[in-house]
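**Q** Handing you this structure, nothing more for now.
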Amino acid sequence: MIQAVIFDLDGVIVSTDELHYKAWKYIADQEGIYFDHVINHRLRGVSRMDSLNIILEKASKPYTEEEKLKLATIKNDYYVTLLASLTPKDILEDVNLVIDTLKQKGIKIAIGSSSKNTKKILKQIGLDQTFDEIADGNDVTRSKPEPDVFLKAAKKLGIDPENCAVVEDAEAGILAAKQAKMTAIAVSDARKSHLADYRFEQLRKMLALF
Ligand code: BG6
Ligand code: MG
């Protein structure tokens, strides 16, 4: 029985894709590296350093770990300034309805995100007091598709992974959920994933499971 739902943040609760794109594009342009929305798509659910490594696949020279850290810091500083534009209006469709309904039904809710900016983002959109627990990029070293962040969320909730469901918009997150032995609910792009247990075009449809 599903006792808790762990929500991915970026792309499920709020869309930050374009903000990540802008900040990575700034870095890519500065370094003379080709970068477009197709490559940006591959960064969904993937940690900051893993994202940078994907971008550097198109680089014409190798980068040292120190140089990579510098680039990641510049990207994040820029990204954080862009996050200041987020407001509760940016909460994606159905999110508030789903959260309220799950709470009424006594289902625990958590965030399981690769982002180290999770708390900042939740604050910007006014959802920083909403979730029972938050597990994010600061809690784990191995990012999705490894199951760590979802297992951490389950542990914080005190609920067995088998009794948790994950809502994800990225293939990497669906893989992570299945590796954690959780029910994987795919929305948006993740609906293409063969591994998902459920696929919903609208988030509110997931309420049929409860
Ligand atoms: C994920 C995003 O939620 O967080 C990825 O989907 C991003 O695109 C990752 O790279 C890490 O985010 P941050 O905020 O720690 O750089
Ligand atoms: Mg996502």
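The values are calculated or read from the model by the stated rules, or taken from the named source; none is laboratory data. What you are looking at is a predicted structure, and each value in this text was computed from that prediction instead of being measured. For neighbour counting, all protein chains shown are included, and Cβ atoms are generated from backbone atoms with ideal geometry for every residue, glycine included.
**Q** So which of Ala176, Ala196, Ala186, Ala165 is surrounded by 18 or more Cβ atoms within 10 Å (Cβ to Cβ) and closer than 21 Å to Asn117 by Cβ? Spell out the reasoning first.
**A** Values: Ala196 fails: closer than 21 Å to Asn117 by Cβ; Ala186 fails: closer than 21 Å to Asn117 by Cβ; Ala165 fails: closer than 21 Å to Asn117 by Cβ.
Going through Ala176, Ala196, Ala186, Ala165 in turn, just one is surrounded by 18 or more Cβ atoms within 10 Å (Cβ to Cβ) and closer than 21 Å to Asn117 by Cβ: Ala176.
**Q** Check Leu52, Leu92 and return the single one that is outside the structural domain of Thr141 (by TED's automatic domain parsing), within 15 Å of ligand 1 (Cβ to nearest atom) and modelled with pLDDT of 95 or more. Steps first, please.
**A** Details: Leu92 fails: outside the structural domain of Thr141 (by TED's automatic domain parsing).
Of the residues listed, the single one that is outside the structural domain of Thr141 (by TED's automatic domain parsing), within 15 Å of ligand 1 (Cβ to nearest atom) and modelled with pLDDT of 95 or more is Leu52.
**Q** Pull out all pairs, ordered by first then second residue, where Cβ-Cβ is under 9 Å, the residues are six or more apart or on different chains, the first lies in region 72-101 and is under 26 Å from Lys25 (Cα atoms), and the second is loosely packed, with under 15 Cβ neighbours inside 10 Å and among the acidic types (Asp, Glu).
**A** As it stands, the answer is Leu82/Glu18, since those pairs meet every condition given.
**Q** Against the definition (under 26 Å from Leu207 (Cα atoms) and among the aliphatic types (A, V, I, L, M)), how does Ala4 come out, yes or no?
**A** Working: under 26 Å from Leu207 (Cα atoms): yes; among the aliphatic types (A, V, I, L, M): yes.
Yes.
**Q** Turning to a different aspect of this structure: Going by what's in this entry, would Thr81 be described as under 19 Å from Asp50 (Cβ atoms), among the β-branched types (Val, Ile, Thr), in a helix (DSSP H, G or I) and modelled with pLDDT of 95 or more?
**A** Details: under 19 Å from Asp50 (Cβ atoms): no; among the β-branched types (Val, Ile, Thr): yes; in a helix (DSSP H, G or I): yes; modelled with pLDDT of 95 or more: yes.
Against the criterion (under 19 Å from Asp50 (Cβ atoms), among the β-branched types (Val, Ile, Thr), in a helix (DSSP H, G or I) and modelled with pLDDT of 95 or more), Thr81 does not qualify.
**Q** Continuing with this model, one more query. Which numbered condition trips up Lys89, out of (1) under 29 Å from Ala208 (Cβ atoms); (2) basic (Lys, Arg); (3) in contact with a Leu (Cβ under 8 Å, 6 or more places away or on another chain)?
**A** Among (1) under 29 Å from Ala208 (Cβ atoms); (2) basic (Lys, Arg); (3) in contact with a Leu (Cβ under 8 Å, 6 or more places away or on another chain), Lys89 violates only (3).
**Q** When region 98-124 is examined, which residues are found to be surrounded by 15 or more Cβ atoms within 10 Å (Cβ to Cβ) and either aliphatic (A, V, I, L, M) or away from ligand 1 (no atom under 14 Å from the Cβ) (or both)?
**A** Matches in region 98-124: Val98, Ile99, Thr101, Leu102, Ile107, Lys108, Ile109, Ala110, Ile111, Ile121, Leu122.
**Q** Next up: So Ser85 ticks every box in (1) buried (at least 17 other Cβ atoms within 10 Å of the Cβ); (2) away from ligand 2 (no atom under 16 Å from the Cβ); (3) of a type in the set (S, T, N, Q) but one. Which box is left unticked?
**A** (1)
**Q** Does at least one position in region 150-163 carry a residue that is in a helix (DSSP H, G or I), touching a Ser or Thr at 6+ places or on another chain (Cβ under 7 Å) and under 20 Å from Ser47 (Cβ atoms)? Please lay out each step first, then the result.
**A** In the first step, residues of region 150-163 are kept if they are in a helix (DSSP H, G or I); the result is 150-157, 161-163.
This time we only want the ones that are touching a Ser or Thr at 6+ places or on another chain (Cβ under 7 Å), so: none.
Within region 150-163 (the criterion being in a helix (DSSP H, G or I), touching a Ser or Thr at 6+ places or on another chain (Cβ under 7 Å) and under 20 Å from Ser47 (Cβ atoms)), the answer is no, since none of the residues qualifies.
Every residue, every condition in (1) surrounded by fewer than 20 Cβ atoms within 10 Å (Cβ to Cβ); (2) within 16 Å of ligand 2 (Cβ to nearest atom); (3) in a helix (DSSP H, G or I); (4) not small (Gly, Ala, Ser), yes or no:
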| site | (1), (2), (3), (4) |
| --- | --- |
| Met1 | yes, no, no, yes |
| Val5 | no, yes, no, yes |
| Leu19 | no, yes, yes, yes |
| Tyr26 | yes, no, yes, yes |
| Asn40 | no, yes, yes, yes |
| Leu43 | no, yes, no, yes |
